[in-house]
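Written out below as structure tokens is the structure these notes cover.
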Amino acid sequence: MTFTRRSFLAGSSALALSSAPIIGRAQGSDNIIFASILDLSGGLDIYGTAMADATSLAIDDINAAGGLLGKQVELKMYDAQSTIQFYTQYATQAAAGDRAATVHGGITSASREAIRPTLARFKTMYFYNTQYEGGVCDFNNFCTGSTPAQTVAKVVPYAMNKWGKKAYIIAADYNYGQIIAQWVERFVKENGGETVAIEFFPLDVTNFGPTINKIQQASPDMVFSGLVGGAHVSFYRQYAAAGMNAEIPIASTTFGIGNEHKLISAEEGNGLLAAYSYFEGVQNAENTAFLARMDAKFGANRATMNELTVRSYEGAMLWAEAVKLANSVDHAEVSAALKSGLTYNGPSGPITIDPQTNHAIQNVVLGELQDQEFNIVESFEAQPPSDTQLVCDLNADPTLSTFYFENGLAAAGIE
Amino acid sequence: MDLVAAIGFQLAYVIANLALISLGLAIIFGMMRVINLAHGEFLMLGGYTVVVATNAGVNVWVAMLILAPLVVGIIGVIVERVLIRWLYGRMVDTLLATWGLSLLLVGLVTSIFGASTATTVSPPLGVIRFGNYSASGYELFLILITIALFFLVWLTLRFTKLGLLARGTMQNAEMASSLGVSTNRIYMITFGLGAAVSGLAGGLLAPMTGVLPTIGATYIAKAFITVISGGSAILAGTTAGSILLGGLNGIFSFVVGSTFGEIALLLAAIVLLRLMPRGITGRFFRKSL
């Protein structure tokens, strides 16, 4: 049998003929359609599957409480398979085909940027319930996740106070990582510290040996990680295997939202710092009730709740509250209700939309990892999205649909 | 000086890592000419075997060195009997079939274990020091076991009857068959051995990288590139390919950054295949195994 490079290429091009799943048309029912687009398979499913579970619990809770406007809410769940192309396709399907009242979803910033323009064009209200780098300024897009000024600005001074002034930044190599690295660098500088190096990693890198040598060479006081996805979890293991976790501590902007602290052993993760709007240890009645309902629906082996999952629930509930207040699913009316100072009390605490940026004003908690649990060491109430507020004013121009940090902070006029 | 030693060690590890993930594919693809797109999933299954076994209380060394190759080898034999044996000589069909198998295995493992798996298998060896620099002792173990594994495969192919029959069958199946060799059985055993080697590699890497249902995707492209760059002599080729590509990847990762390390690896493979379409061993070490 002959085998040449040419025949191999001919063969492998058959791979390109990947088939999209067949999508049903919207039913003729008069339910209110709530669409969710998340990665339920592929490399990003470590985030997506738990977010989808939380979303479906929210829809259950809304319907159990009598639905909205006398109708049931119907959840259309799309699996974007960790592929950007499917995001665009499903966003169009949800907006034009299903005529969804709202679309929630997107995990990576890349996926958000893929669907945000589409949904703005169709004026289908879009909720992005993920913590991210800030800078979206879109009349149609409500960003409920935390942003760097809310979280990173809290971890950096705490970590520098505890460990020292020199930081080594490592991050995933796409828009989130690139921009979050600039935020970390900026906050380190503001607190009188120094960034000794910044390094980026493609999402499928699993060998961090050369980087660990470089960190040893630079000998910083701390490593600041913005690594993303399943493959990057290798870093924390290899760092510990080289004995580094006992020498140079780690703070992170992403560790924990994929439940990374459950994937590595207690010894490998102990002492790591991170800040989000939610850890399971948040003490309030809503959280206790929420965790009990998650247990009831998904069993005791359900995923550990983190900001991404809880905010997926809260984002859906916040939208539902706005629909009730507006007594309509009309885009303008729901939008006005959301921006009216409406507050939803969720498991993470009160959430209010800041009308200037369409971002959430929310509580933030700073956690230290101990035995695979984040212990809350400090809490901050009602934090405004002051990063995005620097560049975005939807009060002045309510037609904006821009991502200001696309080309980095300097390009957005932030020094 | 410490830094040179530390970097030298890391380079050796990057090369060994590449060789380790490629060896199983070198046997199945390099020797049998079966394009096994489920290779990454064989590695992943090896990793899951270790995680499940250690969670059930099995000693981690037993799980890695015995159970992982055994379980994946058996899976390999089943796959060969059910799927692959109908498709010998039909390259595009095997490509599609193994791609489907890859998706199936990812789906099955995800539905059994969930999207992310708690893998508290820590690298079971301490730290080695080069002055101010340190590395994992487990990385040293992986370098040594990769060398040992290559030596073992070489011994098997070169000196055992099975090795001789396998090489003969791969060179000319009809002739081997007319000389009384059960080529059917040889194919099955070779595929099973390739799968077992992949399972061993996946098991050994589990403590360093963790396991996820989708972890195979991070290995598959590099393994194919290494084996194709290496050319037809599977052991010499995979070794040469790993040294060249892994070395460049390691050096560029250290000097410029990981992104450029990946670019250097891919670029080197493209240039190499343009100049030597039959891989390194298509031109050098042609008589080697």
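Express as a percent, rounded to the nearest 5, the fraction of DSSP beta bridges in the protein assembly as shown (both residues included) that run antiparallel.
45
Skipping prolines and chain starts, which residues have an amide H placed within reach, meaning under 5 Å, of the one on A:Ile361, given they are 5 or more residues away or on another chain?
Answer set, sorted by chain and number: A:Thr352, A:Ile353, A:Asp354.
With springs connecting C-alpha atoms under 10 Å apart, model chain A as a Gaussian network and identify which of A:Pro385, A:Pro347, A:Pro398 has the largest mean-square fluctuation.
Of A:Pro385, A:Pro347, A:Pro398, the Gaussian network model singles out A:Pro398 as fluctuating most.
Given the DSSP H assignment, sum -39500 (n - 2.57) over each helix run of at least 4 residues in chain A and divide by its residue total; what's the result at 222 nm in deg cm²/dmol, nearest 500?
Numbers: 14 runs with 151 residues, N = 415.
Mean residue ellipticity at 222 nm (helix-derived): -11000 deg cm²/dmol.
Per residue of region A:306-314, in order, report the coupling 6.51 cos²θ - 1.76 cosθ + 1.60 (Karplus, θ = phi - 60°) as ³J(HN,Hα) in whole Hz, putting x for Gly and Pro.
3J(HN,Hα) across region A:306-314, in whole Hz: 9, 4, 4, 6, 5, 6, 4, 5, 5.
Less than 9 Å Cβ to Cβ from A:Asn245, Lys/Arg counted +1 and Asp/Glu -1: what total charge do the surrounding residues give?
-3
What is the mean number of Cβ atoms from other protein chains located within 10 Å of the Cβ atom of each residue in peptide A:233-239, rounded to a whole number? Walk me through the intermediate numbers first.
Values: counts 7, 6, 1, 1, 11, 9, 1.
Across A:233-239, the average partner-chain Cβ count within 10 Å equals 5.
Please sort B:41-50, B:134-143 by packing, taking for each peptide the average over its residues of neighbouring beta carbons within 10 angstrom, highest first.
Details: B:41-50: 29.9, B:134-143: 21.0.
The peptides rank, most packed first, as B:41-50, B:134-143.
Please report, largest first and rounded to whole Å, the three semi-axes of the ellipsoid equivalent to the protein assembly as shown, where each semi-axis is the square root of five times an eigenvalue of the C-alpha gyration tensor.
Semi-axes (√(5λ), whole Å): 46, 30, 22.
Taking θ = phi - 60°, what integer Hz values does the Karplus form 6.51 cos²θ - 1.76 cosθ + 1.60 yield along region A:259-273, in sequence order, with x for Gly and Pro?
6, 4, 5, 8, 7, 10, 6, 4, 5, 5, x, 3, x, 5, 10
Kindly write out, for region A:117-132 in residue order, the coupling ³J(HN,Hα) from the Karplus curve 6.51 cos²θ - 1.76 cosθ + 1.60 (θ = phi - 60°), rounded to whole Hz, with x marking Gly and Pro.
After applying 6.51 cos²θ - 1.76 cosθ + 1.60, I find x, 4, 5, 5, 5, 7, 6, 9, 4, 10, 10, 9, 9, 10, 5, 7 Hz.
Just A:Ala94, A:Ala266, A:Ala52 to compare: in a GNM of chain A, with alpha carbon springs under 10 Å, which one fluctuates most?
Looking only at A:Ala94, A:Ala266, A:Ala52, the largest GNM fluctuation is found for A:Ala266.
For region B:70-102, list whatever residues lose no less than 50 Å² of accessible surface once every protein chain is in place, relative to that chain by itself, with the probe at 1.4 Å.
B:Met91, B:Leu95, B:Trp99
Amide H of A:Asp173 versus every other amide H placed in the peptide plane: which residues, excluding those fewer than 5 positions away on the same chain, fall under 5 Å?
A:Phe201, A:Leu203
Note the buried accessible area between B and A here, summed over both chains, with a 1.4 Å probe, in Å² to the nearest 100.
4000
What ranking of A:Lys262, A:Lys189 comes out by heavy-atom accessible area, probe 1.4 Å, highest first?
Descending accessible area places them as A:Lys189, A:Lys262.
Rank A:Ala240, A:Ala91, A:Ala181 by mean-square fluctuation in a GNM of chain A with C-alpha springs under 10 angstrom and give only the top-ranked residue.
Answer for the Gaussian network model of chain A: A:Ala240.
Between A:Val136 and residues 5 or more places away or on another chain, which pairs have amide H atoms under 5 Å apart, with H built 1.01 Å from N, and which residues are they?
A:Tyr404
Quick check for you: with a 1.4 Å probe and neighbouring chains kept, what is the accessible area per residue of chain A, in Å²? Present the calculation step by step, with values, prior to reporting the outcome.
On the way: 14430 Å² over 415 residues.
For chain A, the per-residue accessible area is 35 Å².
Does region A:152-276 come out rounded, prolate or oblate by the C-alpha gyration tensor, with a ≥ b ≥ c the root eigenvalues, rounded set by a/c under 1.5 and, if not, prolate when a/b is larger than b/c and oblate if not? Each step should come with its number before you reach the end.
Numbers: a/c = 1.34, a/b = 1.23, b/c = 1.08.
Because its axes are fairly even, with a/c under 1.5, region A:152-276 counts as rounded.
Relative to the Cα centre, what is the charge dipole magnitude of the protein assembly as shown, using +1 at the beta carbon of each Lys and Arg, -1 at the beta carbon of each Asp and Glu, and rounding to the nearest 20 debye?
3340
The values are calculated or read from the model by the stated rules, or taken from the named source; none is laboratory data. The model shown is predicted, which means the values in this text are computed figures rather than measured ones. With ideal geometry, Cβ positions are generated from the backbone for all residues, glycine too; neighbour counts draw on all protein chains shown. Side chains are part of the model used for accessible areas, which takes the heavy atoms of the whole protein and leaves out ligands, DNA and RNA. Shrake-Rupley method; radii C 1.70, N 1.55, O 1.52, S 1.80 Å.
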